[in-house]
Amino acid sequence: MTTTHITKIGNSRGIIIPAEVIKALALEEGDEVVLEYDTDTQVLSATFPKTKQLKLVSQKV
């Protein structure tokens, strides 16, 4: 889990995506982000339709 904060960006507000997430998803400036919000659960999800790769980190069990 990663925690971030709402940041003022010009006259708007935004969320900064941490560098490690950008690197893991191979995101680039201008990539499309699809946001969905479920009002019942208050869950905001972000999908990156054109993600080039996903680096999975194996966890020791």
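No lab work stands behind these numbers, since they all come straight from the coordinates. From a predicted model like this one, the values you see are computed outputs, not experimental measurements.
Structure notes:
- Alpha carbon convex hull of the stretch 6-47, volume per residue in cubic angstrom: 104 Å³
- Fully extending the segment from Ala26 to Lys50 would add 7.7 nm, taking 0.36 nm per residue of separation and subtracting the current Cα-Cα distance.
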